[in-house]
1. Six or more apart or on different chains, Cβ atoms under 7 Å: show the pairs whose first residue is in the range 110-137 and on the phi < 0 side of the Ramachandran plot and in a helix (DSSP H, G or I) and whose second is surrounded by fewer than 20 Cβ atoms within 10 Å (Cβ to Cβ) and at pLDDT below 95.
2. Having 1 or more residues that are within 29 Å of residue 117 (Cα to Cα) and modelled with pLDDT of 95 or more is the bar; report the helices (runs of 4 or more DSSP H) wholly within the range 213-307 that clear it.
3. Return a yes/no flag: does the range 240-253 have any residue that is under 17 Å from the mean Cα position of the chain (by Cα) and under 21 Å from residue 152 (Cα atoms).
4. Within the range 145-166, is even one residue in contact with a helix residue (DSSP H, G or I) (Cβ under 8 Å, 6 or more places away or on another chain), part of a helix (DSSP H, G or I) and either surrounded by fewer than 24 Cβ atoms within 10 Å (Cβ to Cβ) or free of Cβ contacts under 8 Å to residues at least 12 places away in the same chain (or both)?
5. Does any residue in the range 288-300 that is in contact (Cβ under 8 Å) with a residue 60 or more places away in the chain come within less than 9 Å, Cβ to Cβ, of a residue that is surrounded by fewer than 17 Cβ atoms within 10 Å (Cβ to Cβ) and assigned to a helix (DSSP H, G or I) six or more places away or on a different chain, and which pairs are these?
6. Would you confirm whether or not the range 81-90 contains a residue that is in a loop (DSSP other than H, G, I, E, B) and over 23 Å from residue 166 (Cβ atoms)?
7. Within the set of pairs 6+ apart or on separate chains, which have a first residue in the range 49-62 that is on the phi > 0 side of the Ramachandran plot, a second that is outside any strand (DSSP E or B), and C-beta atoms under 6 Å apart?
8. Taking the residues in the range 277-292 that are farther than 20 Å from residue 249 by Cα and touching a helix residue (DSSP H, G or I) at 6+ places or on another chain (Cβ under 9 Å) as candidates, determine which candidate is surrounded by the most Cβ atoms within 10 Å (Cβ to Cβ).
């Protein structure tokens, strides 16, 4: 077991060649918490229409992307989207990590568990548990990766944005079976790209809400996971991107922006007229929204998180 732990957790790595990461860290090398007894199914990964979709994740992991020419001691943990039903792990994960690497920033892609009742007990907490565990691992290993433990950000796309905003507002409680009071799970900054934020009926993305907390959830659950209602003065500085023609309505970002402003949390938001959803860094004649990453780069530079 000791040899296995070292092989998985330290720098003698499992290499994911297709993703071109340098290392894969299992979040739970001694066994995944909450996994139901007798579950032994292969992870499902398919690529169609140029999008890789991953589901049935029972071994959540971090893919490590160290910058070859590191110019910043900040880092970011990237949460792919997929409506809490799949992970769009390439264009909302690995491709984004490479973008950060090109700009001198080490990045981590989080392959988190989806709320699948057939696989996990208490399935709704598993995505957040994985995000918090990822933050703990990165902070504990900050010296190893040449990063600052107080410059650990989180980024999320679509439902991954809901997860990232949940991590950014629910950090006072460490969820699940594994906790460590000595390590904060509060991100130091948040990058929320066409995010799902609210679970209120008026503006929610129902697919994401249904997958996380079920259809016809109790009002208190909807309130708990409506993250615009969980913002406090301690919520980390935030950058937001949305478009007006997105099925994930821009009111998600607007509500979070207003809550940050009310609580004096540094926040910047860009809402483009058009662009739809799920574009990541792809260039497909979508117009001005194609420059969103440059706006994020400006924000990161202004906050001394990127050079």
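The values are calculated or read from the model by the stated rules, or taken from the named source; none is laboratory data. Here the structure is a predicted model, which means the values were calculated and not measured. Counting neighbours? That spans all protein chains shown, and the Cβs are built from the backbone with ideal geometry, glycine included.
1. Once the first residue is on the phi < 0 side of the Ramachandran plot and in a helix (DSSP H, G or I) and sits in the range 110-137, its partners that are surrounded by fewer than 20 Cβ atoms within 10 Å (Cβ to Cβ) and at pLDDT below 95 give 133/178.
2. Details: elements: 219-224, 251-262, 292-302.
Of the helices (runs of 4 or more DSSP H) lying wholly inside the range 213-307, those with at least 1 residues that are within 29 Å of residue 117 (Cα to Cα) and modelled with pLDDT of 95 or more span 219-224, 251-262.
3. Checking the range 240-253: at least one residue is under 17 Å from the mean Cα position of the chain (by Cα) and under 21 Å from residue 152 (Cα atoms).
4. Looking for residues that are in contact with a helix residue (DSSP H, G or I) (Cβ under 8 Å, 6 or more places away or on another chain), part of a helix (DSSP H, G or I) and either surrounded by fewer than 24 Cβ atoms within 10 Å (Cβ to Cβ) or free of Cβ contacts under 8 Å to residues at least 12 places away in the same chain (or both), one finds at least one in the range 145-166, hence yes.
5. Within 9 Å, no pair qualifies.
6. Looking only at the range 81-90, we keep the residues that are in a loop (DSSP other than H, G, I, E, B), and these are 81-86, 88-89.
Subset that is over 23 Å from residue 166 (Cβ atoms): none.
Looking for residues that are in a loop (DSSP other than H, G, I, E, B) and over 23 Å from residue 166 (Cβ atoms), one finds none in the range 81-90, hence no.
7. Note: pairs meeting the criteria are 56/41; 56/43.
8. 282
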